[in-house]
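A short write-up of the structure that comes next.
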Amino acid sequence: MQYLLTGVSLSIFWLLLSGYYTQPLLLFFGVLSVGIAIYFNARIVSKYPLNSPKSLLRKLPVFAKWLIFEVIKANIAVVKNIWAPRSNPISPTMATLDMRQQSPLGQTIFANSITLTPGTVSFDVSDGKVRVHAIVEEAIIELQDGDMNQRVADLEEPDQ
């Protein structure tokens with residue numbers, strides 16, 4: 001049932017974005033794309049099952065809003081570094097952060113959240129740690145503060 005719903009959702013999404021409803025070859029490639037996505041989704045879920053998918057899905061919108069706000073703040077900071085380099089100099093820094101997430105999915109969400117935030121890139125995840133490069137030291141300090149780390153770890157916690 002899960003794969004059927006996924007297939008229908010992806011098909012509707014593809015049709016809405018593509019706008020092609022009558023060209024058989026494009027529809028075939030759309031169906032093929034949906035099938036490949038479902039296949040890889042099934043492989044990922046079988047290897048890394050979610051502890052509490054409903055809890056994660058309930059918490060994700062709040063996290064996404066927070067992350068969008070953080071991306072906007074980081075964009076403004078990067079623009080300041082570009083437009084006013086004398087008053088906002090770059091200070092490239094690398095650091096290794098401990099991850100509070102237990103699952104590979106949680107660790108991936110944390111590393112991707114870092115990379116989505118302008119001015120920071122996570123480039124190595126292993127043994128419960130993530131290596132991060134930032135164009136300013138303040139970004140590393142903010143990551144070490146642990147707010148993003150904790151918010152992603154909270155996504156993994158099942159609802160009580």
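Structure values in brief
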| item | result |
| --- | --- |
| Estimated FRET transfer efficiency when R0 is 35 angstrom, pair residue 98-residue 44 (beta carbons, to 0.05) | 0.90 |
| Among 36, 76, 109, residue whose mean-square fluctuation peaks in a GNM of the chain (springs only between Cα atoms under 10 Å) | 36 |
| Reach of residue 54 by Cα under 19 Å, taken over lysines that are not fewer than 8 positions away in the same chain | 65 |
| Computed over the stretch 52-109, the ratio Rg/Rh where both radii use C-alpha atoms and Rh is Kirkwood | 1.13 |
| Inter-probe distance in nm under a simple model that places probes 7 Å from Cα toward Cβ, at residue 15 and residue 147 | 4.3 |
| Fraction of accessible area attributable to carbon and sulfur, the stretch 3-109 (%, probe 1.4 Å) | 71 |
| For the chain: relative contact order, % (alpha-carbon pairs under 8 angstrom, 6 or more apart) | 23 |
| Probe 1.4 Å, protein heavy atoms only - accessible area per residue of the chain in square angstrom | 69 |
| Cα-based Kirkwood hydrodynamic radius, the stretch 1-61, one decimal, Å | 13.1 |
| Helix axis angle, 53-83 relative to the chain longest principal axis, alpha carbon, degrees | 50 |
| Degrees between helix 24-47 axis and first principal axis of the chain (Cα, 0 to 90, nearest 10) | 60 |
| At 1.306 mPa s and 10 °C, Stokes D of the stretch 81-147 from Kirkwood alpha-carbon radius, µm² per second | 128 |
| Rounded tilt (10° steps) of 104-116 against the dominant C-alpha axis of the chain | 60 |
| When the chain is reduced to its Cα atoms, the Kirkwood hydrodynamic radius in Å | 18.2 |
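The values are calculated or read from the model by the stated rules, or taken from the named source; none is laboratory data. All values derive from a computational prediction rather than experimental measurement. FYI the Cβ positions are ideal-geometry reconstructions off the backbone, even for glycines, and counts take in every protein chain you see. Calculation scope for accessible area: heavy atoms of the full protein, side chains included, ligands and nucleic acids excluded. Shrake-Rupley method; radii C 1.70, N 1.55, O 1.52, S 1.80 Å.
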